[in-house]
Amino acid sequence: IKIIGILTSGGDAPGMNAAIRAVTHTALNKGLNVIGIQDGFLGLFKNRMIQLQKSNVSNIINRGGTLLGSARFPEFSQKDIRLTSIKNLYQRKIDALIIIGGDGSYIGAKYLTNMGLPCIGIPGTIDNDVAGTDYSIGYFTALETIVEAIDRLQDTSASHKRISIVEIMGRYCGDLTLAASIAGGCEFIILPEITYTKENLLIDIKKSIKNGKNHAVIAITEHLYDVKKLARYIQEKTKRETRATTLGYIQRGGTPVVYDRILASRMGSYAVKLLLEGYQGRCVGIINEVLVHHDINNALKYMKKPFKSDWLVTAKNLY
Ligand code: F6P
């Protein structure tokens, strides 16, 4: 291997820049060349590539977003688009590719590896929904942002004796919601992994009002309910003022926290090492603080992110 490519794909996540920097520094230090592919798989198809030197990646370890840009590009599932993309890679003499992103990006990595181009995937998403790793890059930063927002909601909910609903990202994974609820002292939690209907929620809210509680914050993962409608429903049934807040894309930006910077730096370096050792079609993870790698096909097909049921028990003990 002489030249490696790197791209970031899917939703951006704080720490992606630290990973780009780690890959670039490690590869250059090993005598390799590094090409950055802009705008994810879309940029690969459109042939948007830049040579990366240490100067390109200086002062980015502390920056949110991704220097290379990112995109959603479902069209990459089409064979002709992949063939053009792979041609672009070979034209630049790129021998291997490191792909930072979530599940969708791993599928892209799998396709390219199967077409003969060695790829390594690095988990980068705030959702923490990638199998084969305890944590993905960006999760801890998003968590800090969310908890800070919940702290603020707690202030205003308490002052007005209101019920607040806070909608949290995570796609179909409740990790962010669950962790943020514990850290933010939320009264109720609605997660994709468990069945908890609005009727159940109402019963619990009414119980807590009876017990003298005069405000509450309900944390809910996106895509489960229309939170504005849910707020109207709760207000109607409890006669308590209820407001909904969707945190939205604020959760994805911002300066990466130290843990994300270190995680991204370790994973980036490790991915280069794996390529140099001849690995391909692998995805990197961290399990109990130790870096690991798995077959991407297995990770996508058979490995499931375990639900932290003990965390939910803890959260409920704290209601
Ligand atoms: O995967 C990260 C994420 O922010 C999810 O939490 C969210 O569901 C999704 O991306 C939003 O995607 P988009 O940026 O395409 O709107």
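The values are calculated or read from the model by the stated rules, or taken from the named source; none is laboratory data. Keep in mind that this is a model prediction, so the values were computed, not measured. Here the Cβ positions follow ideal geometry from the backbone for every residue, glycine too, while neighbour counts run over all protein chains shown. We work out accessible area using only protein heavy atoms, side chains counted, and drop any ligands, DNA or RNA first. Shrake-Rupley method; radii C 1.70, N 1.55, O 1.52, S 1.80 Å.
Rolling a 1.4 Å probe over the heavy atoms of the protein chains gives the chain an accessible area of 44 Å² per residue. Computed 3J(HN,Hα) for region 176-192, one whole-Hz value per residue from the Karplus formula 6.51 cos²θ - 1.76 cosθ + 1.60 where θ = phi - 60°, is 4, 5, 5, 5, 5, 5, 5, 5, x, x, 6, 7, 9, 10, 10, 10, x, glycine and proline marked x. A simple rule links phi to the HN-Hα coupling: the Karplus curve 6.51 cos²θ - 1.76 cosθ + 1.60 with θ = phi - 60°, which for region 47-52 gives 6, 9, 9, 9, 6, 9 Hz, with x for Gly and Pro. DSSP beta bridges confined to the chain are antiparallel in about 25 percent of cases. Where does helix 103-114 land angle-wise versus the long Cα axis of the chain, in degrees 0 to 90, nearest 10? Around 20 degrees separate the two axes. For trypsin sites (Lys or Arg not before Pro), the sites in region 164-239 that DSSP calls loop and that have at most 11 other Cβ atoms within 10 Å are Lys239.
Taking amide H atoms as placed 1.01 Å from N in the peptide plane, the amide H of Ile163 lies under 5 Å from those of Ala216, Glu241, Thr242, Arg243, each 5 or more residues away in sequence or on another chain.
Hull surface divided by four, with the convex hull built on the Cα atoms of region 240-314: how many nm²?
Working: hull surface 35.0 nm².
The Cα convex hull of region 240-314, projected and averaged over all directions, gives 8.8 nm².
Beyond 21 Å, how much of the Cα-Cα pair distribution for region 157-235 remains, as a whole percent? That tail contains 21 percent of the Cα-Cα pairs. Centre-to-centre, using Cα atoms only, region 1-48 and region 240-270 are separated by 21 Å.
Return the carbon/sulfur percentage of the accessible area of region 33-186, one whole number, probe 1.4 Å, all protein chains in place. It is 47 percent, rounded to a whole number. Residues whose amide H comes within less than 5 Å of that of Gly124, counting only those at least five positions distant or on another chain, are Gly101, Gly102, Ile137 (H built at 1.01 Å from N in the peptide plane).
Highest mobility in the GNM of the chain, judged by mean-square fluctuation with C-alpha springs under 10 Å and restricted to Ile286, Ile250, Ile37, is found for Ile250. In the elastic network of the chain, a GNM with C-alpha springs shorter than 10 Å, the most mobile of Arg282, Arg252, Arg243 is Arg243. Considering only Thr125, Thr133, Thr113, the mean-square fluctuation computed in a Gaussian network model of the chain, springs between alpha carbons under 10 angstrom, is largest for Thr113.
Kindly give the semi-axes, whole Å and largest first, of the ellipsoid equivalent to the chain, taking each as the square root of 5 times a Cα gyration tensor eigenvalue. Intermediate values should be presented prior to the final figure.
Values: eigenvalues 341, 64, 56 Å².
For the chain, the ellipsoid semi-axes come out as 41, 18, 17 Å.
For region 49-119, the list of trypsin sites (Lys or Arg not before Pro) that fall in a loop by DSSP and count at most 11 other C-beta atoms within 10 angstrom reads Lys93.
The amide H of Ile168, built 1.01 Å from its N in the peptide plane, has Ile220, Thr221, Glu222 as neighbours under 5 Å, considering only residues 5 or more places off or on other chains.
Rounded to whole numbers, the Karplus 3J(HN,Hα) couplings from phi for region 155-160 are 4, 6, 5, 5, 4, 9 Hz, using 6.51 cos²θ - 1.76 cosθ + 1.60 with θ = phi - 60°, and x at Gly and Pro.
For region 85-157, list log₁₀ I(q)/I(0) at each q in 0.18, 0.23, 0.24, 0.25 Å⁻¹, using the Debye formula over Cα point scatterers of equal strength and ignoring solvent, two decimals each. Debye output, listed in q order: -0.74, -0.95, -0.99, -1.03.
Here is how the number arises for the chain: DSSP H runs of 4 or more residues each give -39500 (n - 2.57), the sum is divided by the residue count, and the result at 222 nm is -13500 deg cm²/dmol.
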